[in-house]
Each structure stands twice: as C-alpha cells, then as structure tokens.
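The structure appears right after this line, and notes come after that.
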Amino acid sequence: MNQRTASGLHRLLVIDDDERLVAMLRDYLAPNGFEITLAFDIAAGLAALGRERFDIVLLDLMLPDGNGLDVCRQLRAAAGAEADVGLVMLTARGESTDRVIGLELGADDYVTKPFDPRELLARLRAVLRRRQSAPADPQREVKVFGRLEIDRAGRCVRVDGETRSLTSHQFALLDAMAERAGRVLTRDQLMELVQPWHGEETFDRSIDVHIARIRAAIEDDARHPQRIVTVRGIGYVFSREQDSRAA
C-alpha cells in the first residue's frame, strides 16, 4: 500500500552516486508528485530505510560501496515495510542478464541510462499503480500464532490481546523469525536479517541477549520456551505451530 505524505506526495528514495543525475531527478520528479530523499551510497540508503517508510526506491546498480543487486536481495528478504517497498533498478549497464537478475531478485522494473525523465516518471507511476491495486494481504500486517499476534502496521506484539513491550530492534528480530517460522536460523543469519535496517550494531552474542528479552516478553515460561526454541549448536527456530487457546 502506498504511504503518502500529508501533502499527498509519494515518498521516493533515490540511491545513486551520480550527483548531477540525482539533482536532475529531484528537480524533475518533485513537481510531479514525489517527496524525494537522496542517498549517494548503500550505507546512506540503508540508514534512510531504517529510519523512514518509502513508497518506492530508485536504486542504481553500481554504487561506490557495493552492488545494488545485493540491496535488492536484502530488501526482498526483509520483513515488514522494507520488503513491501516498490523497487526500480537504475543502471548504465544495459545487458539483458543484468535486467533479468534484477527482476528475478524482486525488482518491479528496470531502467537503463541514459533515459528520458518522462519515461522514468511513467514507470514509477506504473509501479505505484500496480502496488496500490494489489489486494491487501492481512497476514502480512498481522501474523497470528496461537495466542501471539505480531502487528506489523502497529509495530507491536500482543499475547492474549495484551501488548508486550519490545524495542524496535527486538520487534524486527521477532518479525524476521516469524516470517520464517519453522526454519532454523543461525546467529549470523539473524544478524544479516535485522542489522541493515535498524542502525544498531548487532554482534554474535548480543543475539542471545535479544532473544532472552523477547522470550521474557512473549513466553509463558521463559526458562522453558515454546515459541522461540534453541537448536543447540546451530541457532534458533520460531515455532510454526503454537498454542491455539488461552491456558
């Protein structure tokens, strides 16, 4: 669903290190219905995504600190708002293999430089229309596991209807695990899933601390957890099948 600003503008994040091109895009797109945030490398782009919600991201393929395809892959593997953002790849490389890879990774469209800004505007609007007209999936907003509810839109967790307190980082960790319920995740995988979007440095053993605090919030007995289970020597798994009624 598109998240417009109070003024009715679509929120666009441009991640591109070509300052002249970015200035041109800002000057052309701003009067055409977009509120634009600029980032000149991947680090700045990920930081912006961690702070704010956007309707669409315009992402260059070649960036000074990495490959835009890796960002595309991370976005589509993420949980919550980051996974749902529209994504248009922008690149000077026109090989069909690049376009195919980007689209297979989950990009909504692909534009090759040089381009007519009117064409880019039309493509951005088309992506927004498609995403706006897509039927809402309530399971992506509120995920229910027995007595546990994970409310993505409200960024909160409830057990038996009672809100349980989690930090933003802990919520992101729980949401990422719930999105992959039944799958055993190592500490390294958990760090990769949550760290790019939440600005907080996460280390191997700090995952254990966060898990302990999440358990204290959502488990009936944190010493004998049933929702987040330790797989000794590997990591953790969020239980796919949980209680279906109050004890």
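Just so it is clear, none of the values below were taken in a lab; they were calculated from the coordinates. Predicted model only: the values in this text are computed from it and were never measured. Here the Cβ is made from the backbone with ideal geometry for all residues, glycine too, and neighbour counts use every protein chain on show.
For this structure, a couple of remarks:
- Whole-Hz Karplus values for region 143-153 come out as 9, 10, 10, x, 7, 9, 10, 10, 9, 5, 4 Hz, taken residue by residue from phi with 6.51 cos²θ - 1.76 cosθ + 1.60 and θ = phi - 60°; glycine and proline positions read x.
- Checking every one of the trypsin sites (Lys or Arg not before Pro) in region 204-236 against DSSP loop status and a limit of 12 other Cβ atoms within 10 Å picks out 223, 232.
- Distant-in-sequence amide H partners of residue 243 (H built 1.01 Å from N, under 5 Å): 147
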